[in-house]
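The values are calculated or read from the model by the stated rules, or taken from the named source; none is laboratory data. These numbers were taken from a predicted model, which means no experiment stands behind them. In this analysis, Cβ positions are derived from the backbone assuming ideal geometry, glycine residues included, and neighbour counts consider all displayed protein chains. Heads up: the accessible areas ignore ligands, DNA and RNA and are worked out on the full protein's heavy atoms, side chains in. Shrake-Rupley method; radii C 1.70, N 1.55, O 1.52, S 1.80 Å.
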Protein chains: 2
Amino acid sequence: MALYMDIHHKVEGLTEDAVAGAHARDLEVQDKHNVKYLKYWFDEGSGKVFCLVQAPSKEAAAAVHREAHGLEADEIIEVQEGV
Amino acid sequence: MALYMDIHHKVEGLTEDAVAGAHARDLEVQDKHNVKYLKYWFDEGSGKVFCLVQAPSKEAAAAVHREAHGLEADEIIEVQEGV
């Protein structure tokens, strides 16, 4: 399992409720892809969203977003967490 | 206090040790700017770094990086953390 940060550059019409709803859908869908969406951060003003996700591959992380709500990230970067 | 995600697009020669050293310098310097660098994630391959930071302003967060090691972020985005 690897850790990824994904970035959505500009989600049109982003609101706190909308992103919470999308994240809840990720959580419903993720198990069958062996993925864990851990945390997210967002900015309503710019429409940016960052998701921290544990997944077997970038493709698996993307598959969850695609199936859950269709809003795929613009970038998915494999990261290590600093200690 | 606000929460920010900063992004360094490409830190040349990034290594786990180098980023840990830079982060340790942030922690030494941050108090006088009333800033708290909370967590960071990085990718040695691409040189990307994400820092999650609590600060009174973007400028204060930037001032800590500038004073600590001189590596300023390319973007600093005010965010809310999803729950």
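Observations
- Residues in the range B:22-58 that are open to solvent by 30 Å² or more (accessible area, probe 1.4 Å) and more than 12 Å from the chain's Cα centre (by Cα): B:GLU28, B:ASP31, B:LYS32, B:HIS33, B:ASN34, B:ASP43, B:GLU44, B:GLY45, B:SER46, B:PRO56, B:SER57.
- Count of residues meeting criterion [β-branched (Val, Ile, Thr) and within 17 Å of B:VAL83 (Cβ to Cβ)] in the range A:2-37: 2
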